[in-house]
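Quick notes on the structure that follows.
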Amino acid sequence: MKEKYYITTAIAYTSSKPHIGNTYEAILSDSMARFKRLEGYDVRLQTGTDEHGQKIEEKAQAANKTPKEYVDGVAAQIKSIWDLVGVSYDKFIRTTDEYHEKQVQKIFKKLYEQGDIYKGSYEGWYCTPCESFWTESQLKDGKCPDCGREVKKAHEEAYFFRMSKYADRLMKYYEENPDFIIPVSRKNEMVNNFLKPGLQDLCVSRSSFKWGIPVDFDDKHVVYVWLDALTNYITGLGYDVDGNHDALYNEFWPANVHVVGKDIVRFHTIYWPIFLMALGVPLPKQVYGHGWLLQDGGKMSKSKGNVIYADDLVEYFGKDAVRYYVLTAMPQDNDGLISWESVIETINSDLANVLGNLVSRTIAMSNKYFDGVVEDKGAVEPVDAELKDVATACYKKVQAKMDVWKVSDAMEEILNVFRRANKYIDETMPWALAKDESKKDRLATVLYNLTETISIGLALMQPFMPDTCEKAIGMFGLTLRALKDTETFGLTKNTVVTKTPEILFARIDSAKVMEKVNQMIEERQKANAPKQENKPATHDHSEKPQIEFDDFTKIQLKVALVTACEKVEKSKKLLKLTVKLGEETRTVVSGIALAYTPEQLIGKKLVMVTNLKPAKLCGIVSEGMIICAENDEGKLAFLTPEKDIEDGSQVF
Ligand code: MSP
């Protein structure tokens, strides 16, 4: 019987369309799943969507949809992106699936009844995007210690999980299973930052919003989104709290590996194992916390229109080129970078120059010199030995790297096989051999050796670029060989290459493509800019009576430089600006969020009333007022000095 291999991705939030970073994780897990399938394992790859929580409830509200309508839309979008990049999942679970929801309710009840969960109350701070509670001392500069965003004061009656009860057992599990968390740097972080200081009880219910799985014996509360989401790994296999598990659960649990981003390693290596211990369920064998794929040259932001999405990249470059880029751009234990330019560069250097060129030259020469027939004539020369060694030794190297999740290094080994083959062409100079009739057999053997090496390289590259490898091997009249057969040179008997080879990867004209990409970014920027609402002006536009000059001089106006700006949470109209007036810095809340994004204001010099009495807007004290022009349709334009002048300058 085949050995089982259960691999999972984190389940993506259905708050918005996933960017290339989230998609990277699905591609990475898919590549490992494909590799293990080729190695003969019975693999199950599970992915899916995490659909509950306050953030999603708020997003749905803003989109004028019910939460379920909203998550249905985004979940479908996520699934279609996973399909587009070729994620070969066996199960796509959604946390709104009925079976999952029922089991989560039962799990919560069981943990409550056995005393691991108890009812208490919470006083502290809440970060909505992270759906996490924090105590005053846990905050970093008054902000969420995880994401650095604003937190809100919170007081709630809630259910808590007794984490500390299991801390020693968890530490023991780490010690007995040294590969449980990789890379090791992330394990050290967990031990030093969380386990050693002592685990605090975890708040596992929420009552300040509704969009979650209700606690069935106390429906004022919904289950904490992480307790809900983490259990997907077992409910997706048909785990049943009462013991009536589906056969899949018995076959595939415990998971071989949970693949997650570095930001959520804590949830998977502390909370999740502890929940499982409390349930009496065996623990997963490994958690791989990969780094993040970051945008080269600045943060991705929707309003800047520069978020990189997998579907855009696929449209420009094709699925396998995108897979190749993201997989090779990421080291095992660190972050990687992505930009449109670097994707183009990699495609040109690795895929067009090395792989594409090798395949097209080899096929062209077989056609030119032997009418497409590839046959080993046994005319061996010493130079062949190194090529054969590099090719046949590759699988072991790839296997060793894949075992420790060094995926980009494994791929580099395979590319080296193709590079070595290109070098072999330079060394053997088939065009020179062709000129000498007596070297015909040697020429045939050279082309055979090249074909054989390509066949080995393509078989190894298949998990990472499945369609390209299928297509390329087909052009040689061959099929992809089994991985273990890549250790033997000379398996190919006679074959005939295609007369009409396709170009696998054409060289990309970077300037041309970048022009189009920049145009796309600009259009998105415009589309994402806040819409100017077509409604009457909100201010009093009637003519005002005459005033004395002295009345006018009571108003102090100054030039203000906007140094920071952000949206005010809970308000559609308000922006919070930090402005510099010479030596002085002030906070101003202004109702211009429908006309400007924060990015459009940062760095601008505006005119501001500086001697208005401070007023509180949405809990923020505003120390001034920004001057704007407004037409009868409510269109706004701020006023700015016509030439550069120091901030803090008086306006008369
Ligand atoms: N819903 C949670 C996971 C629950 S698992 C029980 C979540 N969702 S997410 O949509 O924010 O992220 C999904 C995965 O993508 C996470 O593993 C996260 O770390 C990863 N990434 C998010 N941004 C990423 C990059 N920029 N680069 C690589 N991975 C990224 O977290």
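Could you look at the chain and say what percent of its accessible area is carbon and sulfur, using a 1.4 Å probe and all protein chains? Write out the running numbers ahead of the final one.
Details: 15020 of 30110 Å².
Here it works out to 50 percent.
Site pair Asp550 and Lys196 shows an inter-label distance of 7.1 nm when each label is modelled 7 Å from Cα along Cα→Cβ.
Would segment 339-496 count as rounded, prolate or oblate if I go by the C-alpha gyration tensor, calling it rounded below 1.5 in a/c and otherwise prolate when a/b exceeds b/c, oblate otherwise? Since a/c reaches 1.5 and a/b is larger than b/c, the shape of segment 339-496 is classed as prolate.
If you find the alpha carbon centre of segment 379-458 and of segment 86-102, how far apart are they in angstrom? Value for the Cα centre distance between the two parts: 43 Å. Residue separation of Lys106 and Asp218 scaled by 0.36 nm, minus their Cα-Cα distance, works out to 39.0 nm of gained length. As an equivalent ellipsoid, segment 265-383 spans semi-axes of 43, 25, 12 angstrom, where each value is the square root of five times an eigenvalue of the C-alpha gyration tensor, largest first. Altogether, the Stokes-Einstein calculation at 25 °C and 0.890 mPa s, with the Kirkwood radius of segment 200-261 over Cα pairs as Rh, returns a diffusion coefficient of 182 µm²/s. Charged neighbours of Tyr224, selected by a Cβ distance under 13 Å, balance to -4 (K, R count +1; D, E count -1).
Computed on segment 131-245, with alpha-carbon pairs under 8 angstrom and 6+ residues apart, the relative contact order is 22 percent.
Checking the Cα-Cα distances for Lys526/Lys604; Lys616/Lys643; Lys79/Lys516; Lys17/Lys143; Lys605/Lys643 against a 21 Å cut-off, the pairs over it are Lys616/Lys643; Lys79/Lys516; Lys17/Lys143.
Enumerate by residue number the trypsin sites (Lys or Arg not before Pro) in segment 459-513 meeting two conditions: DSSP loop (anything except H, G, I, E, B), and at most 15 other Cβ atoms within 10 Å of the site's Cβ. Before the final figure, lay out the partial values.
Values: sites: Lys471, Arg481, Lys484, Lys493, Lys499, Arg507, Lys512; in loops: Arg481, Lys493, Lys499, Arg507.
Answer by residue number: Lys493, Lys499, Arg507.
With a Förster radius of 25 Å, plug the Cβ-Cβ distance of Lys499 and Ala434 into 1/(1 + (r/R0)^6) and report the FRET value to the nearest 0.05.
Working: r = 18 Å, r/R0 = 0.74.
It comes out at approximately 0.85.
Ellipticity at 222 nm from helices only: DSSP H runs of n ≥ 4 in the chain, each -39500 (n - 2.57), divided by the residue count, give -11500 deg cm²/dmol.
The label point for Thr640 and the one for Lys65, both projected 7 Å from the Cα toward the Cβ, are 3.6 nm apart. Shape analysis of the chain places it in the oblate category; the axes a ≥ b ≥ c from the Cα gyration tensor give an a/c of at least 1.5, with a/b not above b/c.
Annotation: extensible slack from Ala564 through Cys147 equals 148.3 nm (criterion: 0.36 nm per residue apart, minus Cα-Cα distance).
Remark: the Cα gyration tensor places segment 84-149 in the oblate category, a/c being 1.5 or greater and a/b not exceeding b/c. Using heavy atoms of the protein chains and a probe of 1.4 Å, the accessible area assigned to Tyr99 is about 100 Å². As a size descriptor, the averaged projected area of the C-alpha convex hull of segment 549-651 was calculated at 7.1 nm². Label sites at Val184 and Thr578, each approximated as a point 7 angstrom past Cα along Cα to Cβ, lie 4.0 nm apart.
Which whole-number value in Å² is the accessible area per residue of the chain, probe 1.4 Å? Numbers along the way, then the final one.
Working: 30110 Å² over 652 residues.
That works out to 46 Å² per residue.
Taking Cα pairs under 8 Å and at least six residues apart, what relative contact order does the chain come out at, in percent? RCO, the chain: 11 percent. Taking amide H positions as modeled 1.01 Å from N, with prolines and chain starts lacking one, the residues under 5 Å from His245 and 5 or more places away or on another chain are Asp240.
The values are calculated or read from the model by the stated rules, or taken from the named source; none is laboratory data. Everything numeric here is computed off the predicted structure, so don't read it as measured data. No Cβ is skipped: glycine too gets one built from the backbone with ideal geometry, and neighbour counts run over all protein chains shown. Just so you know, the surface numbers come from the protein's heavy atoms only, side chains and all, with ligands and any DNA or RNA stripped out. Shrake-Rupley method; radii C 1.70, N 1.55, O 1.52, S 1.80 Å.
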